[in-house]
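For reference, the structure discussed in these notes is given below.
Readers should treat all values here as calculations from the given coordinates under stated rules, not as data from a laboratory. Bear in mind that the values here come from a model prediction, so they are computed numbers and not experimental data. Note: ideal-geometry Cβ built from the backbone for every residue, glycine included; neighbour counts use all protein chains shown.
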Amino acid sequence: KAGVTQTPRYLIKTRGQQVTLSCSPISGHRSVSWYQQTPGQGLQFLFEYFSETQRNKGNFPGRFSGRQFSNSRSEMNVSTLELGDSALYLCASRRTSGSYEQYFGPGTRLTVT
Amino acid sequence: AQSVTQPDIHITVSEGASLELRCNYSYGATPYLFWYVQSPGQGLQLLLKYFSGDTLVQGIKGFEAEFKRSQSSFNLRKPSVHWSDAAEYFCAVGPFSGGYNKLIFGAGTRLAVHP
């Protein structure tokens, strides 16, 4: 079974631009969560989507948003990029029925210049 | 508030030596606990998990972890380390009551293995 896939793997953007990252969960997994990883703050929860609805959201500004499609694929968007948004963005999927473990993709490395 | 502490930022061991990585958590209810490993430039790979039952859990790559409620700990162990185990290891707790399905991670322990 294929794992979680994320595209693109690397991105370089300029301050003020916006960016969209994509995540395809493991087949059959209906929950998708997003995390931001930085050297200073570590791994931080951004949000979780299930059945095309945002269920939970971490402590991030409104510039960070996401959505989930009917096939469970998810996208996250960051608008008006700031230098501090440079990070590894990780997507994780979960089966949801009697399962709590999350499986992570390889991440998208975003660099804001 | 929920939190996870990994007291050791860096650990260096010799190949073939035993390993123990420490993890302490703070959570009022019965926790779900995880250990993940991250190689440079990669995502997180799930090593093992504890939900309930036997407090000694086995994972992949020869790792095991022991849940000790009295010490709020979930330490990761391996009897003999291989050079390929060099990576960063993260302990995590979650999800939480009310359907709050997020993981809270520790800061990580970077493991170096000497030949």
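One table, with the values for the structure above:
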| read-out | value |
| --- | --- |
| Between region A:33-49 and region B:1-55, the Cα center-to-center distance that results, in Å | 17 Å |
| For chain A, the fraction of alpha-carbon pairs in successive 10 Å shells from zero, as % | 16, 50, 29, 5, 0 |
| Residue among A:Met76, A:Val4, A:Gln44 farthest towards the positive dipole end of chain A, charges placed on Cβ | A:Val4 |
| P(r) of the protein assembly as shown over all Cα-Cα pairs, binned every 10 Å from zero, in whole percent | 8, 33, 35, 20, 4, 0 |
| Region A:72-112 - Rg and Dmax from Cα coordinates, angstrom | 13.2, 39 |
| Candidates B:Ala29, B:Ala65, B:Ala86, ranked by Gaussian network fluctuation over chain B, Cα under 10 Å, top entry | B:Ala29 |
| Per-residue HN-Hα couplings for region A:32-44 [Karplus 6.51, -1.76, 1.60; θ = phi - 60°; Hz; x = Gly/Pro] | 10, 10, 10, 10, 10, 10, 10, x, x, 9, x, 8, 10 |
| Contact order relative to length of chain B, as percent, for alpha carbon pairs under 8 angstrom and 6 or more apart | 37 percent |
| Region B:105-115 - phi-based ³J(HN,Hα) in whole Hz, Karplus 6.51/-1.76/1.60, Gly and Pro as x | 9, x, 6, x, 10, 8, 9, 10, 10, 8, x |
| Cα-only Debye scattering, chain B: base-10 log of I(q)/I(0) at q = 0.20 Å⁻¹ | -1.06 |
| For A:Phe47, distant residues with modelled amide H under 5 Å away | A:Trp34, A:Gly58 |
| Projected area, mean over directions - region B:57-115, Cα convex hull, nm² | 5.2 nm² |
| Which of A:Leu46, A:Leu83 has the fewest Cβ neighbours within 10 Å, and the rest in rising order | A:Leu83, A:Leu46 |
